[in-house]
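The values are calculated or read from the model by the stated rules, or taken from the named source; none is laboratory data. Owing to the predicted nature of the structure, the values given are computational and were not obtained by experimental measurement. Quick reminder, even Gly has a Cβ in these numbers, built from the backbone with ideal geometry, and neighbours come from all protein chains shown.
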C-alpha cells in the first residue's frame, strides 16, 4: 500500500486503526491503480478480494500495535524485556546451585584454598574465595557452592565432613551454623519483569530501591530472599544466596552511610565482610536469612456425587501449593486466602470452584503446627527468614 496509515497513540498506548479506515485506504489505493474500479458489487470477485484484503490489514495493523506497545517493561516480550533490562545492567537470572556459609575450626594460620570441598553427605560444596584460620582457631562465613544442582539447601549443621584432604599435622573440621540456600532454576519472565521495573524506580544511590537492584543483579542471589528493613538504629539488609564479598561490594556501592547498617539481633545470622575500595578497607554487615521448613496439607471435598478425579485434583494441587510457599518473599507471611486461590486455580480443569464444598489447610513451620493471626488469614513467620516447602511437604486429600 502506498497510502500511510497514521499510528494512533493515547495514554493507553497505540490503538488499532478503525476497520472502515483500513477498508477505505485499501480501496483508495486500488482505485489509484485502476481508475473506475468498482469494489462494492456484492458477490463479485473484486468485492471478495477487497474484503479479504481488509481482513489482512486488520491482522497487520494489530501486529504493529502489539509491537509498539511491547516496548515497555509492563508488556514487553521476552526479547524486548531483555533489552530493557540490559539498559539497567540487569541480566535475566540463570540456574544456580545451592550455597552455604561455613565455619571452619582447626590449626591457626592454615589457609583453606578456593576449591576446597566439604559435604553434607548428599551434596559436595566447593569453597569459593578461600579463607585462613584465625588465631582464635576458627574462621566464619566462608562461602561455598554445591558442585551439582538441587532445589534443596543443606540443613543447619549438616555440612560436617571434609572431602578434600589436609596436610599431616593439620587439624580441621567444618560445620554450617545456619541452613544453606537451595538452588534456583532459570528465572521466569514474570520475575525478571518485576526486577526490571524495580531498576527503573531508582532515583538516586543510597535508596532501598537502588540497593535491592544492585543485590538482585548478583549471580546466585535469589530475588525473593532480598529485602531492606528499617529497624531501630538504622537499616538491616537481608540477602540470601550469592557470594558474600560481592554482596558486600554491592552494599558498599549503594549505601551512602555504612554506619547506618544494623545486623540482626540474632548474631549468628550476621555476615560481616571486609571490602577494599580505592585502597581503603570497609566493614560491611548483612543478614543471611534462615530457612523455615513448611508443610501444608489441604483437605477438600465436592458436591459432585461419584467424583472419580480425586487423584488428579491432588496431583495438580500439590506442586501448586509448594510453588506458592516457595515464592513468598523473605519475611512475608503465608496468606491462606492466596493459598486458597492457588489451589482452586490449579484444579479448575478437573474440579471447578463452584463444586468445592470444603477447602481447609493445616500448616506447620519447622515442625510446629501454626494458625493464622487472630482476625486474619495470614500466618507470619520469622521476619528475617524465608519459607521452604518441598513437594513431599505439600499434600492434598479429599475428606
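Quick look at the numbers
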{"item": "Every pair of residues 6+ apart whose Cβ atoms lie under 7 Å, when the first sits in the range 44-55 and is without any contact (Cβ under 8 Å) to a residue 12 or more places away in the chain while the second is surrounded by 13 or more Cβ atoms within 10 Å (Cβ to Cβ) and assigned to a loop (DSSP other than H, G, I, E, B)", "result": "46/39; 47/39"}
{"item": "Residue count, the range 244-273 (criterion: closer than 26 Å to residue 96 by Cβ and either assigned to a helix (DSSP H, G or I) or at pLDDT below 90 (or both))", "result": "14"}
{"item": "Residue that is over 20 Å from residue 230 (Cα atoms), without any contact (Cβ under 8 Å) to a residue 24 or more places away in the chain, out of contact with any helix residue (DSSP H, G or I) (no Cβ under 7 Å at 6 or more places or on another chain) and not assigned by TED's automatic domain parsing to the domain that holds residue 136, where the choices are 188, 168", "result": "188"}
{"item": "Hits in the range 217-235 - residues which are buried (at least 24 other Cβ atoms within 10 Å of the Cβ) and within 12 Å of residue 263 (Cα to Cα)", "result": "none"}
{"item": "Count of residues meeting criterion [within 13 Å of residue 62 (Cα to Cα), in a loop (DSSP other than H, G, I, E, B) and modelled with pLDDT under 85] in the range 7-17", "result": "1"}
{"item": "Residue match in the range 289-307 (condition: in contact with a helix residue (DSSP H, G or I) (Cβ under 7 Å, 6 or more places away or on another chain), in a helix (DSSP H, G or I) and within 18 Å of residue 391 (Cα to Cα))", "result": "no"}
{"item": "The range 275-296, residues that are in contact with a strand residue (DSSP E or B) (Cβ under 8 Å, 6 or more places away or on another chain) and over 26 Å from residue 338 (Cβ atoms)", "result": "275, 276, 281, 282, 283, 284, 285, 286, 288"}
{"item": "Residue list for the range 236-250, filter: over 20 Å from the mean Cα position of the chain (by Cα) and crowded, with 19+ Cβ neighbours inside 10 Å", "result": "236, 248, 249"}
{"item": "Answer residue from the range 26-50, given it is in a helix (DSSP H, G or I) and touching a helix residue (DSSP H, G or I) at 6+ places or on another chain (Cβ under 8 Å) and is modelled with the lowest pLDDT among those", "result": "50"}
{"item": "Residue check for residue 94: closer than 19 Å to residue 241 by Cα, within 23 Å of the chain's Cα centre (by Cα) and loosely packed, with under 14 Cβ neighbours inside 10 Å", "result": "yes"}
